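The values are calculated or read from the model by the stated rules, or taken from the named source; none is laboratory data. No experiment lies behind these values; they were computed from the predicted model shown. Backbone-built Cβ (ideal geometry, glycine too); neighbour counts: all protein chains shown. Please note that ligands, DNA and RNA were not included when accessible areas were found on the heavy atoms of the full protein model with its side chains. Shrake-Rupley method; radii C 1.70, N 1.55, O 1.52, S 1.80 Å.
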Amino acid sequence: MPEQLNDIFDMASVTKITATTPVVMHLVEKGKLKLDSTIGHYIARARKTGMKDIHLREVMLHQAGFVPFINFPKMITDQDYRRDSSAAFPTKVADHYFIRKNFFKDFMWPTMLHSPIVTRGKYVYSDISMYVMQAVIESITDTTLDVYANNHFYRPLGMHSTGYLPYYKFDDNRIVPTEDDQTFRKTLLVGYVHDEGAALKGGVAGHAGLFACATDLAAYYQMLLNKGYYGGQRYFQPQTVTTFTKNESKVSRRGYGFDRVDPDKSKEYPSKLASQHTFGHTGYTGTCVWVDEDRDLVYIFLSNRVNPTRSTEIYKLKTRSKIQDILNKAIDDAGHKATTKIKTKPKSKPHSQHRNPK
C-alpha cells in the first residue's frame, strides 16, 4: 500500500528535538529552567549520586559523562512482566506484554542515576541525557512531558497526528508498523515505540516514543526556520531558537539538543551539500529532519528501516543524505538560473518624455 503524507511513524530520536528540547526552550524563556543549574538542583533523587553537580548545559550537549546505553530488556526477569494486565502489572509495553508497577521508578531510574560518570566533558551520545531532561521538565511543570508538549506546541500548531501512545488515538491502518519484534516483545509493533527503554517506561520518554506524520513535522520545523513564528503566533523568541540550534560545544558539532552539520566536509554529514547553518536530528528507525537555514529548506525523511527486521541498507546506500543532496542541488541550480536571468535581462528603453500640450 503506498504511503501517505499523513501516515504516522515512530520518530525514535527525532523525539529529542520535537518533544523534549522545545519544552526545555520554552521553560528557559519563561525563566523556570536554567541551563547552568545542576541536575541535583531539580532532581532530589540525584543529590546522592554522581549526577548531582552536572550542569544541564552538559546534559543537552551529551557531555555529561553518561554511559552510552543500558540494556534494560536483558535485565528483565520472569517476575517483572505478565501477558495480561492487572493492578500489579499495569504498564502496557506491547500487545500481551505488561510490566510490573513502578518498574521504571524502582528499577530503571535508580540504575541510570547510579550509573558511572566516566567521560564528563567529552562528547558521548547517550539516551540517559533525555531521560534526565524529562525528569527535570516534569519536576518543574508538575505535568507529564506528553501533555505539556501537546498543550504548548502540537495542538496550537495543528499537529493533530503527533503525540505519544498513538495506539489509543488512531486506527492501525494510519500507523506504519515499526518492527516484528521476535526477541523482546514477541509481536508485531504497531503504535508501540520501538525503543525498548521508552517502551518499558510506558511509552512516554524524553529520548523516544513520539509518533508523527510528515505534514505535522513540516509545521513545527517551519516554525523553527521562521525563528519561532508560525501561523500568526510566536512560540519562541528568535534568539532562543538561535541559541539552541547553533553550535554550542567546544568538543563536538552539537547544539543544545539539536544535532548539526559536521564541519568536517569529508564526513558528508548530514549530506555532502548541507550548508553550515543546518540543524536537526536522525532517528534509529530511519527518520530524519534537517533544517537548512541558508536554503530556507525543511527536509523530512520518514521510513521504518527496522520493519520487518532491522536493515542497514539505509546506511549503506546513504539514502537520506543522497535525497537531501538532490534537494539542495535543485535549490542551488534554481537560484543560479534566477540570478543569471536577472543579470542578462536587457535593459528597457526609457520612455520618451512628452510635453503636456498647453
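Within segment 252-297, restricting attention to residues that are farther than 20 Å from ASP216 by Cβ and hydrophobic (A, V, I, L, M, F, W, C), which residue is most open to solvent (accessible area, probe 1.4 Å)?
For segment 252-297, the residue satisfying everything is LEU273.
Hey, ASN6 hits all of (1) closer than 30 Å to PRO308 by Cβ; (2) assigned to a helix (DSSP H, G or I); (3) not aromatic (Phe, Trp, Tyr) but one; which does it fall short on?
(2)
Does GLY40 satisfy the criteria of being out of contact with any strand residue (DSSP E or B) (no Cβ under 6 Å at 6 or more places or on another chain), surrounded by fewer than 18 Cβ atoms within 10 Å (Cβ to Cβ) and in a helix (DSSP H, G or I)?
Working: out of contact with any strand residue (DSSP E or B) (no Cβ under 6 Å at 6 or more places or on another chain): yes; surrounded by fewer than 18 Cβ atoms within 10 Å (Cβ to Cβ): yes; in a helix (DSSP H, G or I): yes.
So GLY40 passes the test.
Test ALA218 against the criterion of being more than 25 Å from ALA199 (Cα to Cα) and of a type in the set (Gly, Ala, Ser), and give yes or no.
Numbers: more than 25 Å from ALA199 (Cα to Cα): yes; of a type in the set (Gly, Ala, Ser): yes.
In short, yes.
With the checklist (1) within 12 Å of ILE137 (Cβ to Cβ); (2) buried (at least 16 other Cβ atoms within 10 Å of the Cβ) in hand, flag the one item GLU58 doesn't pass.
Checking GLU58 against (1) within 12 Å of ILE137 (Cβ to Cβ); (2) buried (at least 16 other Cβ atoms within 10 Å of the Cβ), the one that fails is (1).
Taking the stated definitions as given, is ALA94 among the small types (Gly, Ala, Ser), buried (at least 17 other Cβ atoms within 10 Å of the Cβ) and over 29 Å from VAL251 (Cα atoms)?
Yes, satisfied.
Would you check which residues across segment 186-216 are assigned to a helix (DSSP H, G or I) and surrounded by fewer than 23 Cβ atoms within 10 Å (Cβ to Cβ) and list them?
We begin by selecting, within segment 186-216, every residue assigned to a helix (DSSP H, G or I); these are 196-200, 214-216.
Answer for segment 186-216, where residues must be assigned to a helix (DSSP H, G or I) and surrounded by fewer than 23 Cβ atoms within 10 Å (Cβ to Cβ): GLU196, GLY197, ALA214, THR215.
For THR119, only one of the following conditions fails: (1) touching a residue at least 24 places away in the same chain (Cβ under 8 Å); (2) exposed (fewer than 14 other Cβ atoms within 10 Å of the Cβ). What is its number?
(2)
Condition check: over 14 Å from ALA12 (Cα atoms), of a type in the set (Lys, Arg) and in contact with a helix residue (DSSP H, G or I) (Cβ under 8 Å, 6 or more places away or on another chain). Does ARG185 satisfy that?
yes
Okay, residues lined up against (1) open to solvent by 40 Å² or more (accessible area, probe 1.4 Å); (2) over 25 Å from THR21 (Cβ atoms); (3) in contact with a Pro (Cβ under 7 Å, 6 or more places away or on another chain); (4) basic (Lys, Arg):
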residue: PHE66; (1), (2), (3), (4): no, no, no, no
residue: ARG83; (1), (2), (3), (4): yes, yes, no, yes
residue: ALA87; (1), (2), (3), (4): yes, yes, no, no
residue: HIS114; (1), (2), (3), (4): yes, yes, no, no
residue: GLN134; (1), (2), (3), (4): no, no, no, no
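If I ask for residues that are small (Gly, Ala, Ser) and either open to solvent by 30 Å² or more (accessible area, probe 1.4 Å) or closer than 14 Å to CYS213 by Cα (or both), which ones from segment 141-163 would you list?
Initial filter on segment 141-163 (small (Gly, Ala, Ser)): 149, 158, 161, 163.
Result: GLY158, SER161, GLY163.
Specify the residue that is nearest to VAL251 (Cα to Cα); the eligible residues are those in segment 264-289 that are part of a loop (DSSP other than H, G, I, E, B) and hydrophobic (A, V, I, L, M, F, W, C).
Taking segment 264-289 first, the residues part of a loop (DSSP other than H, G, I, E, B) are 264, 268-277, 284-286.
Restricting the remaining residues to those that are hydrophobic (A, V, I, L, M, F, W, C) gives 273-274.
Values: LEU273: 23, ALA274: 21 Å.
The selected residue is ALA274.
What residue, of GLY50, GLY65, is in a loop (DSSP other than H, G, I, E, B) and touching a residue at least 60 places away in the same chain (Cβ under 8 Å)? Give the steps one after another, and end with the answer.
Working: GLY65 fails: touching a residue at least 60 places away in the same chain (Cβ under 8 Å).
It is GLY50.
Hey, can you tell me all the residues within segment 298-316 that are touching a residue at least 60 places away in the same chain (Cβ under 8 Å) and buried (at least 19 other Cβ atoms within 10 Å of the Cβ)?
Pass one, segment 298-316, residues touching a residue at least 60 places away in the same chain (Cβ under 8 Å): 298, 300, 302-304, 306-310.
Answer for segment 298-316, where residues must be touching a residue at least 60 places away in the same chain (Cβ under 8 Å) and buried (at least 19 other Cβ atoms within 10 Å of the Cβ): VAL298, ILE300, LEU302, ASN304, VAL306, ASN307.
Anything in segment 217-247 that is surrounded by 19 or more Cβ atoms within 10 Å (Cβ to Cβ) and either part of a loop (DSSP other than H, G, I, E, B) or at pLDDT below 95 (or both)? List them, or say none.
Across segment 217-247, the qualifying residues are GLY228, TYR235, PHE236.
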